[in-house]
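First up is the structure itself, then whatever we jot down about it.
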Amino acid sequence: METIRAFVALELDATSVRRVMRVSDRLRMASGAPSATWTPPARAHVTLKFMGELPATAVAPLGEALAALAGGKKAPRPGTFRLEAFPSAQAASVVVIELEDPDGGVAKLATKVEKLAEKYGVKRESRAYRPHVTLARLKMPYDARRWLKRELAEGAGECRATRLTLYRSDLGSAGSVYVPLRTWEYEVPSRGSTARWRSTERGLLTFVRRLSPGLRSACLAW
C-alpha cells in the first residue's frame, strides 16, 4: 500500500509570523546560542498532527473530513507564547515557542484531527499535545537553561490563526519539502472591525458616565 508523509497544520497570520521571527532573531543573536538549523518564516506553523505513513488513498476522504473543522468556522485562539525546549531545557534538541492556548481551542482541534487520522489508519500519538511553533533544531543536545531567557519573548504579543492546511512532507537531500495539498480558511475578524468596535464601546461608556445618576441608571438598565 502506497503511503505518504503528511501533517496537518494551523497557519498563523503575517503579523504573528513576524512576532515569532522577531523572537527567533533575538534568540539566534543571544549569548550562548548553539549551532542549529533555524525555521524560516515560510515554514512557521503549529503542527496539529504528523502522519508518518498516511495511506495515499486516504488523502481525499481525510481532506473532506478536515474541511468540516475549518470552513466557515471561527479560528481557534493560540494566544501569547513563551520560550521552551524539547525534551527539556537541560538537554534541548528542539527550541520552540509554546502557545498559551487560553481556551483550549488549539488542543481541542488537535484531538479532533488525531481521531480523524486514526480513522484512516494512522497511529495515535502517545505524548500529550503541546501547541507550539518550532524555532530551531539543534545540531546536538544542549543545556539551554542560560540561553533560553524568558525575557526574549516577553511583550511579543499574541498569535492569530487564519487557516488549516494538510501538507505532504517530501524528504530531500536538503531537508523536508512541504507541499500543501488542501487549505481551508477560517473566518477571522479583521483588526479594523475589532478596533472600531472597541472605539465605539469606549465612546458609549464615556457618554454614559457623563449623564446624571438617574439617566445613567436608565441607560444601563436599557
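Nothing in this text is a laboratory measurement; each read-out follows from the coordinates by a stated rule. All values derive from a computational prediction rather than experimental measurement. Counting neighbours? That spans all protein chains shown, and the Cβs are built from the backbone with ideal geometry, glycine included.
When you scan the stretch 38-72, how many residues do you find that are of a type in the set (A, V, I, L, M) and out of contact with any helix residue (DSSP H, G or I) (no Cβ under 8 Å at 6 or more places or on another chain)?
8
For the stretch 145-152, check the following and say yes or no: at least one residue is touching a Phe, Trp or Tyr at 6+ places or on another chain (Cβ under 9 Å), of a type in the set (A, V, I, L, M) and either within 14 Å of Val46 (Cβ to Cβ) or outside any loop (DSSP other than H, G, I, E, B) (or both).
The answer is no; no qualifying residue exists.
Of the conditions (1) closer than 30 Å to Met29 by Cα; (2) touching a residue at least 12 places away in the same chain (Cβ under 8 Å); (3) surrounded by fewer than 17 Cβ atoms within 10 Å (Cβ to Cβ), Pro87 fails just one. Which one is it?
(2)
If the requirement is being over 17 Å from Gly157 (Cβ atoms) and surrounded by 14 or more Cβ atoms within 10 Å (Cβ to Cβ), which of these qualifies: Leu27, Leu54?
Leu54
Could you look through the stretch 95-110, keep only residues that are touching a strand residue (DSSP E or B) at 6+ places or on another chain (Cβ under 9 Å) and surrounded by fewer than 16 Cβ atoms within 10 Å (Cβ to Cβ), and pick out the one that is nearest to Arg137 (Cα to Cα)?
Going through the qualifying residues, I end up with Glu100.
Residues of the stretch 2-31 being under 13 Å from the mean Cα position of the chain (by Cα) and assigned to a strand (DSSP E or B), which ones?
Val8, Ala9, Leu10, Glu11, Leu12
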